[in-house]
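This report concerns only the one structure given below.
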Amino acid sequence: MSRQASAAALAAQKPYTDLFDLTDEAEMGHIELSRAADLVVVAPATANLMAKMAGGHADDLASTLLMATDKPVLIAPAMNVRMWEHPATKRNLAQLLADGIRTVGPNDGGMACGEFGPGRMAEPDEIIHAIAAQFGQGALTGRHILITSGPTHEPIDPVRYIANRSSGAQGAAMAMACRDLGATVTFITGPATVPPPHGVDVIKVETAAQMAQAVTEALPADAAIFAAAVADWRVDQSAAQKIKKTADGAPPALSFVENPDILAKVAQMKAGRPALVVGFAAETENLVDHARAKLARKGCDWIVANDVSPETCIMGGAHNAVTLVTKDGADAWPRLSKHETATRLAARLAEALERG
Ligand code: C5P
């Protein structure tokens, strides 16, 4: 069966392929075709098609339709990881977003070309959720979700700081998953290596104190997800000038103070507490026991616990194996990509908010 015949059979519709097919033009011209739907979905959106869209090219049916349409356009990018990370694609994506084009994905994962990384097309059900969200029917439409992500940097002096190895990957994936279900997302991020997603309100901070302040200002929210790896301590008085080595080689005596526990503060709010407060627990032993203790100590509703022992390659890696600990018990999920973990969590979140 030809590709055209397969598409026709699956869609139970006539597929259109050629711009200047006179029979088609008589039946339905490309202008009419571009207006017939409520939404134009491009899946897969290749690097080449994105470049054409960004440049305003109209040299075949697809690009002409995209230029002629007066309807919203949703693209599901799909390409090799190097192509996705190429400066030209980044430029084109920025232009498309500025033009009001919406995106779903891409995901991290194995690709047809055998490489691994971002560039894999969003799964069909994610694309369907994203389409529903365009019509105000996403499972999180009308919800405000606050997410913290990434590490914090606590200054020692103007050039040195205390940090941790968090990449911000899980928080960014959570933000994308909530966005794709139609939520308004406030994404408060420390200096992460993974870039913040598009289509969310990004607030960049450096320190735990700044993160705490940004969270207070971003409330109220329907749910708050604390995926940041916040430094537990900061240097009491960071030096105004670079600390110099002393002649006798004695190291500086740093004294530390505890940072505000942002999760605990929000979870224990008397008024205006988000309906669902979710924390993360990175542990290297006794995962569930520690997570249960953390749930009680912090007063949150869920703890997403993961084993970050070096041999798991979770910290800084693309995968995660989490146990969701709630008041009702502990549910161990299989090893999934951070993106799939986020998609599942966002769906659970939507169900919980719906139940009220
Ligand atoms: O106590 P611990 O750092 O293990 O708790 C981890 C959880 O608490 C994470 O959800 C993290 O984002 C949050 N947290 C926070 N503020 C802190 C420390 C941790 O929000 N100062």
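The values are calculated or read from the model by the stated rules, or taken from the named source; none is laboratory data. Source: prediction; values computed, not measured. For neighbour counting, all protein chains shown are included, and Cβ atoms are generated from backbone atoms with ideal geometry for every residue, glycine included.
Looking only at residues of the stretch 70-107 that are acidic (Asp, Glu) and in contact with a helix residue (DSSP H, G or I) (Cβ under 9 Å, 6 or more places away or on another chain), we find that the one that is surrounded by the most Cβ atoms within 10 Å (Cβ to Cβ) is 99. From the list 169, 163, the one residue that fits, being within 16 Å of the ligand (Cβ to nearest atom), surrounded by fewer than 24 Cβ atoms within 10 Å (Cβ to Cβ) and hydrophobic (A, V, I, L, M, F, W, C), is 163.
Condition check for residue 209 on (1) free of Cβ contacts under 8 Å to residues at least 60 places away in the same chain; (2) within 15 Å of the ligand (Cβ to nearest atom); (3) touching a helix residue (DSSP H, G or I) at 6+ places or on another chain (Cβ under 6 Å); (4) not basic (Lys, Arg): one failure, at (3).
Tell me which residues, restricted to the stretch 286-296, are over 23 Å from residue 145 (Cα atoms) and touching a residue at least 12 places away in the same chain (Cβ under 8 Å). Correct list: 287, 288, 290, 292. Of all residue pairs spaced 6 or more apart or on separate chains, those with beta-carbon atoms under 7 Å, a first member in the stretch 117-132 that is over 7 Å from residue 106 (Cα atoms) and a second member that is assigned to a helix (DSSP H, G or I) are 117/81; 126/180; 126/343; 129/180; 130/180.
Within the span defined as the stretch 227-236, one or more residues are under 29 Å from residue 98 (Cβ atoms) and out of contact with any Phe, Trp or Tyr (no Cβ under 7 Å at 6 or more places or on another chain). Within the stretch 132-148, restricting attention to residues that are buried (at least 19 other Cβ atoms within 10 Å of the Cβ) and out of contact with any Pro (no Cβ under 8 Å at 6 or more places or on another chain), the residue that is modelled with the lowest pLDDT is 133. Of all residue pairs spaced 6 or more apart or on separate chains, those with beta-carbon atoms under 7 Å, a first member in the stretch 248-261 that is more than 17 Å from residue 160 (Cβ to Cβ) and at pLDDT 90 or above and a second member that is in a loop (DSSP other than H, G, I, E, B) and within 13 Å of the ligand (Cβ to nearest atom) are 258/232; 259/230; 259/231; 259/232. If you go through the stretch 29-69 and pick out every residue that is part of a helix (DSSP H, G or I), surrounded by 14 or more Cβ atoms within 10 Å (Cβ to Cβ) and small (Gly, Ala, Ser), you end up with 7. Scanning the stretch 212-227 for residues that are touching a Leu at 6+ places or on another chain (Cβ under 9 Å) and within 16 Å of the ligand (Cβ to nearest atom) yields 215, 218, 219, 221, 223, 224, 225, 226.
For the stretch 237-275, a residue qualifies if it is charged (D, E, K, R) and within 16 Å of the ligand (Cβ to nearest atom), and the qualifying residues are 258, 261, 265, 273.
Looking only at residues of the stretch 87-116 that are over 20 Å from the mean Cα position of the chain (by Cα) and assigned to a loop (DSSP other than H, G, I, E, B), we find that the one that is nearest to residue 43 (Cα to Cα) is 112. Among the conditions (1) without any contact (Cβ under 8 Å) to a residue 40 or more places away in the chain; (2) within 16 Å of the ligand (Cβ to nearest atom); (3) assigned to a strand (DSSP E or B), residue 278 misses just one, which is (1).
Scan the stretch 181-234 residue by residue and report those that are closer than 15 Å to residue 151 by Cβ, among the hydrophobic types (A, V, I, L, M, F, W, C) and assigned to a strand (DSSP E or B). Matches in the stretch 181-234: 187, 188, 226, 229, 233.
Just so you know, in the stretch 187-206 the residues that are within 13 Å of the ligand (Cβ to nearest atom) and crowded, with 24+ Cβ neighbours inside 10 Å include one that is farthest from residue 154 (Cα to Cα), and it is 188. The selection criterion, being in a strand (DSSP E or B) and more than 20 Å from the chain's Cα centre (by Cα), holds for residue 330. Looking only at the stretch 285-292, decide whether some residue is surrounded by 15 or more Cβ atoms within 10 Å (Cβ to Cβ), of a type in the set (D, E, K, R) and either away from the ligand (no atom under 11 Å from the Cβ) or not in a loop (DSSP other than H, G, I, E, B) (or both). Scanning the stretch 285-292 turns up at least one residue that is surrounded by 15 or more Cβ atoms within 10 Å (Cβ to Cβ), of a type in the set (D, E, K, R) and either away from the ligand (no atom under 11 Å from the Cβ) or not in a loop (DSSP other than H, G, I, E, B) (or both).
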